[in-house]
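Reviewing the structure listed below.
The values are calculated or read from the model by the stated rules, or taken from the named source; none is laboratory data. Source: prediction; values computed, not measured. When we count neighbours, we look across all protein chains shown, and the Cβ atoms used for this are built from the backbone with ideal geometry, even at glycine.
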Amino acid sequence: MVDVNGSDMLGDVDPVDGAADPVDLSLPPRSLIVTVVGLYVREFGGWVSVSSLIRLMEPVGVDAPAVRSAVSRLKRRGILVAEKRGTTAGYALSAVARDILAIGDRRIFARPASVGEDWTMVVFSVPESERRSRHALRTRLAGLGFGNVTSGVWIAPAHLADDCEKALAADGLDAYADVFTGARLNSEDLTMRVSQWWDLEALGAAYARFVAQFEVLRETWNEATPAENPGEAFADYIRALTAWRRLPYRDPGLPAHLLPQPWPGDRATALFADLRELLEKPAHAFVDRI
């Protein structure tokens, strides 16, 4: 089993230690490095030199020792593979990492176009002797946005079925679980049930906190010219994306009528879209120079 958590692009949260708190938007160096690796290394042909990664992290305030420590951890997890090109030391993305990044692209940068009333349900049973796998399964499902109905039963909107099946197979957990899709839920008060299955209050608070942290950043760049400051644009984009990228995984994408209104996720989603529009291209220009 590759030690990767589906709650973000490359799993900078250990699935055995527990899933990331959806309210925690702190930006430790390791999380920032994971963002850069996940966002740009594929564009480098799936490989990056250690020296280039160190230079990329300088504007974000991450020093060389922190970069080397994070890279070593990603290597141990099977995300990066040490590979020399000529005499230059560097790392390539593993096949598993590429698959995880493909899922991450869909979850982080795109929201479902429409959400119907169909659902995906995961039912699993893990022997007591394999408690570690049971805990990993629960953490993986929570990280994908599933809600907990009862012990061994998890639920999510049907659009998460494909990501769920791929993630469980990648972790070697699919043998323990059966995945059902297409069922309609019969409940007199589905809104109340949803509030029991998901901690929507905590998720809403996380979205509100993202807005509080980064709304001023949007105002700042709206009054500036990002193309004239690509290094600063890169640093701010990496910080915003690092804070944002866990939230879409925690959000199952429930129909609007099942969510508290007004839903803070709508405002946060619009804010991240604006920041991406402002900063993505100048940030990429900075990376191209490195």
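Residue-by-condition table, conditions (1) more than 22 Å from the chain's Cα centre (by Cα); (2) surrounded by fewer than 19 Cβ atoms within 10 Å (Cβ to Cβ):
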| residue | (1), (2) |
| --- | --- |
| Leu203 | no, no |
| Trp221 | yes, no |
| Pro226 | yes, no |
| Ile238 | no, no |
| Pro260 | yes, yes |
| Trp263 | no, yes |
| Arg267 | no, yes |
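Within the stretch 40-69, track down each residue that is modelled with pLDDT under 90, crowded, with 16+ Cβ neighbours inside 10 Å and either outside any helix (DSSP H, G or I) or in contact with a helix residue (DSSP H, G or I) (Cβ under 6 Å, 6 or more places away or on another chain) (or both).
Gly46
Find all pairs meeting these conditions: Cβ atoms under 7 angstrom apart; at least six residues apart or on different chains; first residue within the stretch 272-290 and closer than 17 Å to Val216 by Cβ; second residue assigned to a helix (DSSP H, G or I) and among the aliphatic types (A, V, I, L, M).
Phe272/Ala240; Leu275/Leu217; Leu275/Ala240; Leu279/Ala233
Quick one: would you say Val67 is in contact with a strand residue (DSSP E or B) (Cβ under 9 Å, 6 or more places away or on another chain) and among the aliphatic types (A, V, I, L, M)?
For Val67, the condition - in contact with a strand residue (DSSP E or B) (Cβ under 9 Å, 6 or more places away or on another chain) and among the aliphatic types (A, V, I, L, M) - is not met.
Here is a yes/no grid of residues against (1) of a type in the set (Phe, Trp, Tyr); (2) under 23 Å from the mean Cα position of the chain (by Cα):
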{"site": "Ser195", "(1), (2)": "no, yes"}
{"site": "Ala206", "(1), (2)": "no, yes"}
{"site": "Asn229", "(1), (2)": "no, no"}
{"site": "Leu241", "(1), (2)": "no, yes"}
{"site": "Leu247", "(1), (2)": "no, yes"}
{"site": "Phe286", "(1), (2)": "yes, no"}
